[in-house]
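Novice: Before I ask anything, here is the structure I am working with.
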Amino acid sequence: MRLSYLILLGCLIFITGKSENGYDLWLRYAKLTNDKKLAEYKKQITSFRIEGSSPTLSIASDELSRGLLGLFGSSITQNKNAGSKGNLIICGRIESPAIKQYLQNTSASTLGNEGYTIQTITKDKQKITLIAANEDIGVLYGVFHLLRLIQTEQPIHQLAVTEIPKIKLRVLNHWDNLDRTVERGYAGFSLWNWHKLPQYIDQRYLDYARANASIGINGTVLTNVNANANILTEDYLKKVEALANAFRPYGIKVYLTARFSAPIELGDLPTADPLDQRVQQWWNDKAKEIYQRIPDFGGFLVKANSEGQPGPQNYGRTHKDGANMLATAVEPYKGVVIWRAFVYDNNVPDDRAKQAYTEFKPLDGTFKENVLVQVKNGAIDFQPREPFHPLFGAMPKTPLMMEFQITQEYLGFSTHLVYLSTMFKECLEADTKTSDQMASVARIVDGTIDKHALTGIAGVANIGTDINWCGHPFAQANWYAFGRLAWNHTRSSEAIADEWIRMTFSNEEAVIKPVKEVMMASREITVNYMTPLGLHHLMGWSHHHGPAPWIKDKHRADWTSVYYHKADSLGIGFNRTATGSDAVSQYSKAVAAKFSSLKDCPEEFLLWFHHVPWDHQMKSGRTLWDELCHRYYEGVDSVKWMQENWQSLKGKVDKERFDEVTSLLALQYEEASIWRDACLLYFQTFSKKPIPSTLPSPKHSLEYYKNLTYPYAPGIKSEW
Ligand code: BDP
């Protein structure tokens with residue numbers, strides 16, 4: 001009876017496809033279904049050999065066995081014998097004689113600590129796929145590269161790959177609190193189980209590290225930027241040490257957020273003044289204590305004097321004083337300080353967008369060499385669309401670290417399918433025009449323009465305890481894309497989507513094409529139904545879910561929506577030109593001229609920089625009001641199109657994820673419609689114009705939308 005039941009179950013799984021819950025991410029290693037290619041790969045690889053031994057090389061070896069077993073459907077032997085026959089993979093350090101004898105045209109010095117080469121060598125009819133690097137971590141990265149080529153069914157018979165990361169620190173920022181809630185986290189609770197650490201190492205830590213290593217992420221900030229000093233106590237440091245030990249073989253360094261007032265809270269000092277010797281000593285001692293436990297500790301990430309966090313300005317000092325004090329403490333151990341530029345004053349400024357530049361630009365050249373200033377991609381706060389932050393290009397003497405938000409705080413949480421790579425790329429490719437060369441944001445961040453060796457990029461993580469890690473199956477693509485771009489920002493969003501789809505779902509064209517189309521269009525679609533034409537900060541109070549363009553009269557004007565859209569009977573938008581807040585003057589002359597001109601300003605940023613009359617004629621020939629209506633409607637209609645595309649995959653992807661995405665898209669449609677109707681009905685109270693008759697009318701009254709509440713939205717904060 002039991003046996004027949006099992007057989008039946010087996011048949012069912014065979015017929016309907018393997019059920020998947022998303023835990024395996026892009027590392028599923030599903031058996032290749034293209035028999036011809038499978039046969040080619042099998043011919044190409046009959047065994048593998050790892051030269052040398054270390055925890056990292058063991059991981060590389062396990063990964064190869066596991067990956068090839070899954071992809072080939074049969075195991076590949078690990079061959080320890082140097083004289084082995086057959087076509088094999090040999091992995092190891094360049095310095096190893098067994099590798100050296102085969103290596104062609106690669107200067108080890110160019111590969112650095114993390115780079116690698118993969119070469120196909122034919123010798124006496126034997127084909128050898130060589131994966132070589134200076135350090136073991138490079139070998140592991142190379143192994144993931146080769147497996148990715150096979151997973152995505154790329155040719156591997158004549159490889160000549162050289163990969164070197166363009167950015168040095170490729171770091172996830174977890175906004176995880178010590179009680180395991182995650183600020184702006186939409187995928188469950190924090191992965192870090194402080195209660196069971198340091199004794200218990202959850203398998204998830206290793207799976208997390210493995211996933212990161214597969215895309216080249218080499219650092220993790222474990223704790224929220226709104227920091228809790230307790231993480232620096234001995235008890236917590238023991239736990240952090242255990243995590244650091246678990247992550248080390250995967251090439252991942254651990255960083256912590258430092259609460260600026262920790263010397264008062266933990267050290268009983270009367271002050272946290274960075275120029276006070278006792279305070280300096282406290283941090284020096286703390287750094288020593290940390291490095292005794294974790295010799296490769298990455299360093300501190302600091303949010304200071306922003307949104308109520310303590311900082312050097314509490315003592316009349318500057319960001320430079322604070323950052324340099326911490327930099328001195330970690331300097332003997334080669335640690336870094338990552339100081340955030342996401343600051344704004346307690347006194348509401350005329351334009352919050354100007355604040356970071358105003359405070360930081362004058363400090364250029366005053367930071368110690370091991371300080372990076374971490375700047376959000378835009379000057380407000382991770383909105384669905386922002387022009388690049390004016391600090392990029394404005395601080396040539398300081399390494400500026402990019403901060404992207406992978407978690408979708410302002411982009412529909414983990415309910416909406418939004419592929420963020422196109423948004424990341426839009427910012428990275430923006431030309432700051434601050435030098436004669438193409439001074440793109442990416443080339444500033446990667447150190448090319450201003451010749452910085454210390455470079456970094458951070459992504460605010462979207463990872464939690466949900467079984468699929470990120471809440472939405474497609475949110476995994478944003479973690480993936482962040483890592484791939486951090487390694488090499490010249491990769492296209494399309495190429496990244498392509499490989500992610502192949503690894504996550506299928507190599508079949510009938511799957512790749514519609515899914516890629518949806519992914520590539522998804523961010524623009526979201527902008528259209530949330531904040532088209534440069535609108536921003538229209539979201540609900542505190543939890544940031546859903547539309548609330550009517551938010552006003554709060555204790556801080558710059559936490560309200562009306563402060564940003566400035567809709568009135570004449571028009572809508574924030575005048576940031578010389579006749580308004582003049583934020584444009586923070587950009588280089590050429591960029592400022594473009595943004596300042598009503599005619600030349602790209603329409604996607606129009607209302608970011610201009611207060612525009614309702615009947616202003618747009619490029620489409622429509623008035624601004626009509627265009628706004630069309631964008632909102634187009635956004636929602638496009639979600640319908642996303643749904644239809646997804647339905648074409650029925651039976652082509654596993655049922656579990658198919659159903660999950662189907663219902664999430666239905667929710668996205670519902671929420672997108674609410675965004676459209678709420679925003680248009682509200683703005684209509686100013687424009688006093690009808691919604692074009694070709695478009696359907698909103699379902700409910702404005703009052704209805706104003707009365708919607710979101711008591712179950714995660715991440716509610718009482719203050720903002
Ligand atoms: C905003 C978030 C807030 C963060 C803050 C930050 O709403 O929760 O603490 O940014 O980046 O996006 O510090």
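The values are calculated or read from the model by the stated rules, or taken from the named source; none is laboratory data. Quantities reported herein were computed from a predicted structural model and do not represent experimental measurements. Note: ideal-geometry Cβ built from the backbone for every residue, glycine included; neighbour counts use all protein chains shown.
Novice: Quick check: anything in the range 622-635 away from the ligand (no atom under 16 Å from the Cβ), more than 27 Å from the chain's Cα centre (by Cα), outside any helix (DSSP H, G or I) and polar (S, T, N, Q)?
Specialist: The answer is yes; a qualifying residue exists.
Novice: Turning to a different aspect of this structure: Within the range 167-186, how many residues turn out to be more than 16 Å from the ligand (Cβ to nearest atom) and touching a helix residue (DSSP H, G or I) at 6+ places or on another chain (Cβ under 7 Å)?
Specialist: Pass one, the range 167-186, residues more than 16 Å from the ligand (Cβ to nearest atom): 167-170, 180.
Narrowing further to those that are touching a helix residue (DSSP H, G or I) at 6+ places or on another chain (Cβ under 7 Å): 167, 170.
Number of matching residues: 2.
Novice: Condition first: of a type outside the set (Ser, Thr, Tyr), within 16 Å of the ligand (Cβ to nearest atom) and within 27 Å of the chain's Cα centre (by Cα). Now tell me which residues in the range 336-350 satisfy that.
Specialist: Our first condition is that a residue be of a type outside the set (Ser, Thr, Tyr); within the range 336-350, this holds for 336-343, 345-350.
Remaining after also requiring within 16 Å of the ligand (Cβ to nearest atom): 338-343, 345-346.
Result: Ile338, Trp339, Arg340, Ala341, Phe342, Val343, Asp345.
Novice: Out of (1) within 30 Å of Val143 (Cα to Cα); (2) β-branched (Val, Ile, Thr); (3) more than 24 Å from the chain's Cα centre (by Cα), the odd one out for Ile252 is which?
Specialist: (3)
Novice: Would it be correct to say that Ile156 is part of a loop (DSSP other than H, G, I, E, B), touching a strand residue (DSSP E or B) at 6+ places or on another chain (Cβ under 8 Å), of a type in the set (Val, Ile, Thr) and on the phi < 0 side of the Ramachandran plot?
Specialist: On the way: part of a loop (DSSP other than H, G, I, E, B): yes; touching a strand residue (DSSP E or B) at 6+ places or on another chain (Cβ under 8 Å): yes; of a type in the set (Val, Ile, Thr): yes; on the phi < 0 side of the Ramachandran plot: yes.
For Ile156, the condition - part of a loop (DSSP other than H, G, I, E, B), touching a strand residue (DSSP E or B) at 6+ places or on another chain (Cβ under 8 Å), of a type in the set (Val, Ile, Thr) and on the phi < 0 side of the Ramachandran plot - is met.
Novice: I'd like to verify a number: residues in the range 655-675 that are under 19 Å from Ala548 (Cβ atoms) and of a type in the set (Gly, Ala, Ser), how many?
Specialist: Here is the first cut: in the range 655-675, the ones under 19 Å from Ala548 (Cβ atoms) are 667-668, 670-675.
Still in the list and also of a type in the set (Gly, Ala, Ser): 672-673.
The number of residues fulfilling the criteria is 2.
Novice: What number of residues within the range 586-634 satisfy the criterion of being among the β-branched types (Val, Ile, Thr) and surrounded by fewer than 20 Cβ atoms within 10 Å (Cβ to Cβ)?
Specialist: Pass one, the range 586-634, residues among the β-branched types (Val, Ile, Thr): 591, 612, 623.
So of that shortlist, the ones also surrounded by fewer than 20 Cβ atoms within 10 Å (Cβ to Cβ) come out as 623.
Counting residues in the range 586-634 that are among the β-branched types (Val, Ile, Thr) and surrounded by fewer than 20 Cβ atoms within 10 Å (Cβ to Cβ) gives 1.
Novice: Give the residues of the range 413-426 that are of a type in the set (A, V, I, L, M, F, W, C) and either within 12 Å of the ligand (Cβ to nearest atom) or over 13 Å from the mean Cα position of the chain (by Cα) (or both), sorted by residue number.
Specialist: First pass over the range 413-426, keeping only residues of a type in the set (A, V, I, L, M, F, W, C): 413, 417-418, 420, 423-424.
The answer is Phe413, Leu417.
Novice: Just give me the residues in the range 27-73 being basic (Lys, Arg) and more than 29 Å from Val653 (Cα to Cα), in sequence order. Write out each step before concluding.
Specialist: So the first thing to find is which residues in the range 27-73 are basic (Lys, Arg), and the list is 28, 31, 36-37, 42-43, 49, 66.
Listed by number, the list holds a single entry, Arg49.
Novice: State whether the residues of the range 354-369 include one that is more than 15 Å from the ligand (Cβ to nearest atom), at pLDDT 95 or above and under 28 Å from Pro249 (Cα atoms).
Specialist: Yes - at least one qualifying residue is present in the range 354-369.
Novice: Could you go through the range 400-412 and let me know if any residue there is away from the ligand (no atom under 16 Å from the Cβ) and touching a Lys or Arg at 6+ places or on another chain (Cβ under 7 Å).
Specialist: No, the range 400-412 contains no residue that is away from the ligand (no atom under 16 Å from the Cβ) and touching a Lys or Arg at 6+ places or on another chain (Cβ under 7 Å).
Novice: Now a separate question. Filter the range 281-298 for residues that are within 21 Å of Leu269 (Cβ to Cβ) and surrounded by 19 or more Cβ atoms within 10 Å (Cβ to Cβ) and give the result.
Specialist: Trp282, Trp283, Lys286, Ala287, Ile290
Novice: Does the range 442-455 include one or more residues that are out of contact with any helix residue (DSSP H, G or I) (no Cβ under 8 Å at 6 or more places or on another chain), of a type in the set (Lys, Arg) and in a helix (DSSP H, G or I)?
Specialist: Keep residues of the range 442-455 that are out of contact with any helix residue (DSSP H, G or I) (no Cβ under 8 Å at 6 or more places or on another chain), which gives 443-444, 446-448, 451-454.
From what's left, of a type in the set (Lys, Arg): 443, 451.
With the extra rule that they be in a helix (DSSP H, G or I), the set shrinks to 443.
Yes, that holds for at least one residue.
Novice: I'd like the residue in the range 370-399 that is basic (Lys, Arg) and crowded, with 21+ Cβ neighbours inside 10 Å and, out of all such residues, is farthest from the ligand (Cβ to nearest atom).
Specialist: Of the range 370-399, the ones basic (Lys, Arg) are 376, 385, 397.
Narrowing the set further to residues that are crowded, with 21+ Cβ neighbours inside 10 Å leaves 376, 385.
Values: Lys376: 7, Arg385: 15 Å.
Within the range 370-399, the match that is farthest from the ligand (Cβ to nearest atom) is Arg385.
Novice: Would you confirm, using the coordinates I've provided, whether Ala713 is within 16 Å of the ligand (Cβ to nearest atom), farther than 29 Å from Ser506 by Cα and of a type outside the set (Phe, Trp, Tyr)?
Specialist: Numbers: within 16 Å of the ligand (Cβ to nearest atom): yes; farther than 29 Å from Ser506 by Cα: yes; of a type outside the set (Phe, Trp, Tyr): yes.
Against the criterion (within 16 Å of the ligand (Cβ to nearest atom), farther than 29 Å from Ser506 by Cα and of a type outside the set (Phe, Trp, Tyr)), Ala713 qualifies.
Novice: Does Pro396 satisfy being touching a helix residue (DSSP H, G or I) at 6+ places or on another chain (Cβ under 6 Å), in a loop (DSSP other than H, G, I, E, B) and not charged (D, E, K, R)? Spell out how you get there, then give the answer.
Specialist: Details: touching a helix residue (DSSP H, G or I) at 6+ places or on another chain (Cβ under 6 Å): no; in a loop (DSSP other than H, G, I, E, B): yes; not charged (D, E, K, R): yes.
For Pro396, the condition - touching a helix residue (DSSP H, G or I) at 6+ places or on another chain (Cβ under 6 Å), in a loop (DSSP other than H, G, I, E, B) and not charged (D, E, K, R) - is not met.
Novice: Residue pairs, Cβ under 7 Å, 6 or more apart or interchain, first in the range 211-228 and more than 13 Å from the ligand (Cβ to nearest atom) and assigned to a loop (DSSP other than H, G, I, E, B), second at pLDDT 95 or above and among the small types (Gly, Ala, Ser). List them.
Specialist: Close Cβ pairs satisfying both conditions: Ile215/Gly483; Gly216/Gly483; Gly216/Ala486; Ile217/Gly483; Ile217/Ala486; Asn218/Gly251.
Novice: Further question on the same structure: Sort out which residues of the range 257-270 are surrounded by fewer than 24 Cβ atoms within 10 Å (Cβ to Cβ) and not in a loop (DSSP other than H, G, I, E, B), and write them in order of number. Walk me through how you get there before you give the answer.
Specialist: Here is the first cut: in the range 257-270, the ones surrounded by fewer than 24 Cβ atoms within 10 Å (Cβ to Cβ) are 261-262, 264-270.
Those that are surrounded by fewer than 24 Cβ atoms within 10 Å (Cβ to Cβ) and not in a loop (DSSP other than H, G, I, E, B): Ala262, Ile264, Glu265.
Novice: Given the conditions (1) outside any loop (DSSP other than H, G, I, E, B); (2) over 30 Å from Ala453 (Cβ atoms), and given that Ala187 satisfies all but one, which numbered condition is not satisfied?
Specialist: (1)
Novice: Report the residue count in the range 299-312 for those that are away from the ligand (no atom under 16 Å from the Cβ) and either surrounded by fewer than 19 Cβ atoms within 10 Å (Cβ to Cβ) or polar (S, T, N, Q) (or both). Give the steps one after another, and end with the answer.
Specialist: Step one: list which residues in the range 299-312 are away from the ligand (no atom under 16 Å from the Cβ), which gives 299, 312.
In the following step, the residues that additionally are either surrounded by fewer than 19 Cβ atoms within 10 Å (Cβ to Cβ) or polar (S, T, N, Q) (or both) were identified as none.
Of the residues in that region, 0 qualify.
Novice: Among the residues of the range 616-626, is any closer than 16 Å to Met530 by Cα and among the β-branched types (Val, Ile, Thr)?
Specialist: No.
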